[in-house]
1. Report the extension gain between residue 21 and residue 102 in nm, rounded to one decimal, defined as 0.36 nm multiplied by the number of residues separating them, less their alpha carbon distance.
2. Please identify the GluC sites (Glu not before Pro) of segment 69-134 that satisfy two criteria: DSSP loop assignment and at most 16 other Cβ atoms within 10 Å. Which are they?
3. Out of segment 62-138, which trypsin sites (Lys or Arg not before Pro) are coil in DSSP terms and have no more than 12 other C-beta atoms within 10 Å?
4. Rg over Rh of segment 36-135, using C-alpha atoms and the Kirkwood radius, what does it come to?
5. If neighbour count is taken as other Cβ atoms inside 10 Å, put 21, 48, 42 in order from fewest to most.
Amino acid sequence: MSPGGGGSLNVEEFFQRLLKLAQQLNEEEKRGISEGLSEEELALFDILTKPEMKLTEKDRKLVKKTARELLETLKREKLVLDWRKRQASRADVKVSIKKILDGGLPEIYDKALYQQKSQTVFQHIYESYFGAEAGIYVT
């Protein structure tokens, strides 16, 4: 076996994995476009609807609208600099999430599901948004 033989295989394998990743990313972008959602909104929509729920088209529209409203409100009013460090700011974000989800989600979300989704959304927001204009979605 030649000294460079193993390296060529690794490069080819890496290239194939990279192509597969690019295809997956393109599929997510296409899904976001077909749903009419940004990357941030799609992440919230997925949190609110997965595992697959039996939603009518009307329910899906309500969930999309709620995801948009939630992000707009949080980014405009709640995700201030160092919001994660202050207990009052974290509590304010939690209350806002619960209030918007309670007012916007369809009736298929019973109390237990609503509680679980509220907690999961807060965890996602906490992990994804560090403060004003800072987070994983900021480019």
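No value in this document is a laboratory result; all are computed from the given coordinates. The structure presented is a predicted model; accordingly, all values stated were derived computationally and were not measured. So basically every Cβ, Gly included, is an ideal-geometry build from the backbone, and we count neighbours across all protein chains shown.
1. Working: separation 81, 0.36 × 81 = 29.16 nm, distance 3.64 nm.
Full-extension gain reported as 25.5 nm.
2. Working: sites: 69, 72, 77, 107, 127, 133; in loops: 107, 133.
Passing sites in segment 69-134 are 107, 133.
3. Details: sites: 64, 65, 68, 75, 76, 78, 84, 85, 86, 90, 94, 98, 99, 111, 117; in loops: 86.
Sparse-neighbourhood loop trypsin sites (Lys or Arg not before Pro): 86.
4. Values: Rg = 13.1 Å, Rh = 13.7 Å.
Looking at segment 36-135, the ratio lands at 0.96.
5. Details: 21 10, 48 24, 42 19.
Ascending number of Cβ neighbours within 10 Å: 21, 42, 48.
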